[in-house]
Amino acid sequence: MKKGIFAAIAVALVAVLAYVTLFNQPQAPAIQYTNLSGKTASTDSLKGKVVLVNFWATSCSGCMAEMPKLRATHEKYAPQGYETVAVAMSYDPPNYVQTYVKDTALPFFVTLDSSGSIAKAFGEIQLTPTSILIDKRGNIIKRYVGEPDFNELHQLIEKNLKA
């Protein structure tokens, strides 16, 4: 009798944990931003896509090291419904960002967070690089501080593109 009760409690706990893990993911904040050429977008406009929001700075050596990998990831998955949004931090001089983006011809959306409001909305981001992966429904899947493990990131992207 006691074993049956303990088994039922264990099953109930596993069910609650599975529900919380699968259905209680935090939502990405509803924000708008403008890219360097003046085009406006929002997190709501990207629903239906898997999105990586990357906070970076031209003065961040880790950011500069990961940028070619972010580009390759974007080019690999963009045709399948993946988007990258690179958010330059408020302390990054706009002319440095514009020069870098022009010189490297980044193929994804780049915005300047001059007021710091985007970083604040995503949880007071201060460290770069920080990347946040968002699913098609606008749920935050994973937060990376530092360069992501790109093999893991690609697996998550592929899994969520199929979902």
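The values are calculated or read from the model by the stated rules, or taken from the named source; none is laboratory data. This one's a predicted model, so the numbers in the text were calculated from it and none came from an experiment. No Cβ is skipped: glycine too gets one built from the backbone with ideal geometry, and neighbour counts run over all protein chains shown.
Before moving on, here are some points about what is shown:
- Out of Ala72, Ala78, one residue alone is over 13 Å from the mean Cα position of the chain (by Cα), within 19 Å of Ala41 (Cβ to Cβ), not in a strand (DSSP E or B) and not basic (Lys, Arg). It is Ala78.
- Filter pass, Thr128 being β-branched (Val, Ile, Thr), modelled with pLDDT of 95 or more and touching a Gly at 6+ places or on another chain (Cβ under 8 Å): yes
- Selection from region 100-123 of residues that are over 18 Å from Leu133 (Cβ atoms), in contact (Cβ under 8 Å) with a residue 40 or more places away in the chain and out of contact with any strand residue (DSSP E or B) (no Cβ under 8 Å at 6 or more places or on another chain): Tyr100, Ser117
- Of the set (1) touching a strand residue (DSSP E or B) at 6+ places or on another chain (Cβ under 6 Å); (2) among the hydrophobic types (A, V, I, L, M, F, W, C); (3) crowded, with 18+ Cβ neighbours inside 10 Å, all apply to Leu153 but (1).
- Residues in region 53-95 that are over 18 Å from Asn151 (Cβ atoms) and without any contact (Cβ under 8 Å) to a residue 24 or more places away in the chain: Ser61, Met64, Pro79, Pro94, Asn95.
- Qualifying positions in region 35-74 - of a type in the set (D, E, K, R) and either loosely packed, with under 13 Cβ neighbours inside 10 Å or closer than 14 Å to Leu153 by Cβ (or both): Lys39, Asp44, Glu66, Lys69, Arg71
- Number of residues in region 128-163 that are assigned to a loop (DSSP other than H, G, I, E, B) and under 14 Å from the mean Cα position of the chain (by Cα): the value is 10.
- Ala30 vs. criteria of a type in the set (A, V, I, L, M, F, W, C), assigned to a helix (DSSP H, G or I), more than 18 Å from Asp103 (Cα to Cα) and within 15 Å of the chain's Cα centre (by Cα): no
- Taken together, Tyr91, Tyr82 contain a single residue that is closer than 23 Å to Gln155 by Cβ, modelled with pLDDT of 85 or more and out of contact with any Pro (no Cβ under 7 Å at 6 or more places or on another chain), which is Tyr82.
- Members of region 86-127 that are assigned to a strand (DSSP E or B) and of a type in the set (A, V, I, L, M): Ala86, Val87, Ala88, Val110, Leu112
- Looking only at region 142-163, and only at residues there that are among the basic types (Lys, Arg) and at pLDDT 95 or above, the one that is nearest to Met67 (Cα to Cα): Arg143
- The single condition among (1) surrounded by 19 or more Cβ atoms within 10 Å (Cβ to Cβ); (2) touching a helix residue (DSSP H, G or I) at 6+ places or on another chain (Cβ under 6 Å); (3) more than 19 Å from Ala28 (Cα to Cα) that Asp113 does not satisfy is (3).
- Selection of region 1-27 for residues being surrounded by 11 or more Cβ atoms within 10 Å (Cβ to Cβ) and either at pLDDT below 50 or part of a strand (DSSP E or B) (or both) yields only Gln27.
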